[in-house]
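For reference, the structure discussed in these notes is given below.
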Amino acid sequence: MDKRIFSFLFLLGLILPQSIAAQTQGIDLALAEQYFDEAQAICAKDNGALWGISLAGPMMFVDRETRMIAANHSDSEGRLTKRGKIFIGKLPDEINISNTALKWAGVKWTMVSYPLPVDKQVRAQLMLHELFHRVQEDLGFAAANPANNHLDSFTGRLWLQYEWRALQRALTAQGSERQKAIADALMFRAYRRNLFPQAARSENELEINEGLAEYTGVKLCGTSDAVSARFFAGELRRFESRPTFVRSFAYASGPAYGLLLDAIHPHWRKAIKQLGDMGLILAKAHRVKLPVNFKQAAERRAKPYDCTSLLALESERESRREKRVAGYRAQFIEGAVLSIPLTNEVQYSFNPNNVEVLDDANTVFPNLRISDAWGILNVTGGAVLTRLDGRVVKVTVAAPTNLPTTSLQGDGWTLELKDGWQVVRGARPGDFTLKRQ
């Protein structure tokens, strides 16, 4: 290294606040630069061909332990400091760390949690998924986080997995065998949505939001369509072992439908903006006509997809789920709780693979971080988010154990309250709620 550069960096380390200088312990800046270059190279190679615009743009990696930022772009408020080709800083506590798109310091970013996957193709898939989220509204795809709680029910899970198994077969077949498998998948999809009146809308919204993003990552990660199709056929089967499909199903369905559409309808990505349903576009492309009697046809077509074994597995799972739900109801519905209303400023991050449904309105999140006007809630032992008219309106945790204080805690959670907020007694004995002073 040039001595002048070394001296400059040494002096810079002395004059920067200690919190900034210490952040280099969180992220390997050379590795971050390599990853930024990888993403840029993929975007340059695509050159806007997939979606009509470049996916390249401001990206930050954020270390979960130190909250250190390593970015490929400067911000507009002077919060980041340049280190070579990288810009470093610290993410404020009120912003949740997650793989997402966000506006911060005057810039719209792609945020990716650090460390990233070691495998280059898996890493590329993740980065391109999140880069899509940064531009999706520019493409006309509104961000959405709908509840699909019906996919935790016995019937919802069953027919989703039949759909996946048919898609798996379609991805690895050709000719008439592929055509039949696609027709089966669409039949199972239609029957499930017929059973749950709101399913078509809510499933489509998540398939557009997360399914298209995941498809983008799969499409641009560096493998051929044939290789990706074979790989994702296996992924569909592996997805069945996930504990829940409520928030994660679109990560499986989106790429499967996208790859099948690529094989027959190269311009489907333009049609999806108007129709909003990947299954509908695939049905039109393959001229699939669904029978009038959904139930009879679906049950008959399910038999070749190992329906006996799947029925047994799902029956056993449902029995275990009912016991867990009874425990959650005792804790969060019948027991003493702290109920916290959510404002328009709410941000929350969670693991999409372990949520648990109580009913149409209430969902349990074992791990959750919420930032809102009232402060920051960290949950490690379970909380319930409640929706009203499709919008998340409150979070419920076990009653606090250390009143009164601004640093509250309870069974599996901590809450740092901002000035101007206080915990007060709730409507039931032992309950509490939060309100402005």
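The values are calculated or read from the model by the stated rules, or taken from the named source; none is laboratory data. Only a predicted model underlies this, so the values are computations on that prediction, with no experimental measurement involved. Cβ sites come from the backbone with ideal geometry, for glycine too, and all protein chains shown count toward neighbours. The protein model used for the area step is the full one, side chains on, heavy atoms only, and it has no ligands, DNA or RNA in it. Shrake-Rupley method; radii C 1.70, N 1.55, O 1.52, S 1.80 Å.
Sites counted here are trypsin sites (Lys or Arg not before Pro) in a DSSP loop (not H, G, I, E or B) having no more than 14 other Cβ atoms within 10 Å; the longest part of the chain that contains none of them is 86-286.
Measuring max minus min along each principal axis, the C-alpha atoms of region 283-347 give extents of 52, 35, 20 Å (largest first). When the Cα atoms of region 192-247 are aligned to their principal axes, the ranges along those axes come out at 38, 23, 18 Å in descending order.
Site pair Lys418 and Asp28 shows an inter-label distance of 3.8 nm when each label is modelled 7 Å from Cα along Cα→Cβ. Using the Cβ-Cβ distance between Glu318 and Arg201 with R0 = 25 Å, the FRET efficiency computed as 1/(1 + (r/R0)^6) comes to roughly 0.50. Each Lys or Arg adds one and each Asp or Glu takes one away; over the other residues whose Cβ falls under 14 Å from the Cβ of Leu342, this sums to +3. Ranking Glu416, Glu334 by solvent-accessible area of protein heavy atoms (1.4 Å probe, all protein chains present), from largest to smallest, gives Glu334, Glu416. Normalising the Debye intensity of region 271-398 to I(0), with uniform scatterers on Cα atoms only, and taking log10 at q = 0.10, 0.18, 0.21 Å⁻¹ returns -0.55, -1.00, -1.13.
By the Cα gyration tensor, region 133-203 has an equivalent ellipsoid whose semi-axes, rounded to whole angstrom, run 25, 19, 10 from largest to smallest.
Once the Cα-Cα distance is subtracted from the 0.36 nm per residue extended length, the Ser309 to Glu177 segment shows a gain of 45.2 nm.
Accessible area per residue for the chain is 47 Å², calculated with a 1.4 Å probe on protein heavy atoms, without ligands, DNA or RNA. The heavy atoms of Phe154 offer some 60 square angstrom of accessible surface to a 1.4 angstrom probe. Under a no-solvent Debye model with one identical scatterer per Cα of region 87-138, what's log10 I(q)/I(0) at q = 0.17, 0.21, 0.25 Å⁻¹? The calculated log intensity ratios at q = 0.17, 0.21, 0.25 Å⁻¹ are -0.58, -0.84, -1.07.
Computed with the Debye formula from one identical point scatterer per Cα of the chain, without solvent, the log10 of I(q)/I(0) at q = 0.08, 0.09, 0.12 Å⁻¹ comes to -0.53, -0.66, -1.10.
Max-minus-min Cα coordinates of region 372-413 on each principal axis give 34, 22, 14 Å, with the largest extent listed first. Of all lysines in the structure, those lying under 29 Å Cα to Cα from Lys85, and not within fewer than 8 positions of it along the same chain, are Lys3, Lys45, Lys103, Lys108, Lys120, Lys219. Cross-link partners of Lys435 among lysines, defined as those whose alpha carbon lies under 18 angstrom from its own and excluding same-chain residues fewer than eight positions apart: Lys394, Lys418. Per residue, the convex hull spanned by the alpha carbons of region 163-215 comes to 71 Å³. Determine the sum of side-chain charges near Arg189: Lys and Arg each +1, Asp and Glu each -1, restricted to other residues whose C-beta is under 11 angstrom from that of Arg189. Around Arg189, the surrounding residues sum to -3. Residues Ile88, Ile264 ordered from highest to lowest accessible area at a 1.4 Å probe: Ile264, Ile88. In 10 Å bins starting at 0, how do the alpha-carbon pair distances of region 14-169 split up by percent? Taking all Cα pairs of region 14-169, the binned fractions are 10, 34, 30, 17, 8, 1, 0 percent.
The share of accessible area on region 179-239 that comes from carbon and sulfur is 58 percent, using a 1.4 angstrom probe. For Lys289, the lysines whose Cα falls under 22 Å of its own Cα, not counting residues fewer than eight places away in the same chain, are Lys180, Lys303. For the Cα trace of region 97-226, dividing Rg by the Kirkwood Rh returns an Rg/Rh value of 1.03.
With a ≥ b ≥ c the root eigenvalues of the C-alpha gyration tensor of region 223-319, is it rounded (a/c under 1.5), prolate (a/b larger than b/c) or oblate? Because a/c hits 1.5 or more and a/b fails to exceed b/c, region 223-319 counts as oblate. Mean projection of the Cα convex hull over all viewing directions, computed for region 55-123: 5.0 nm².
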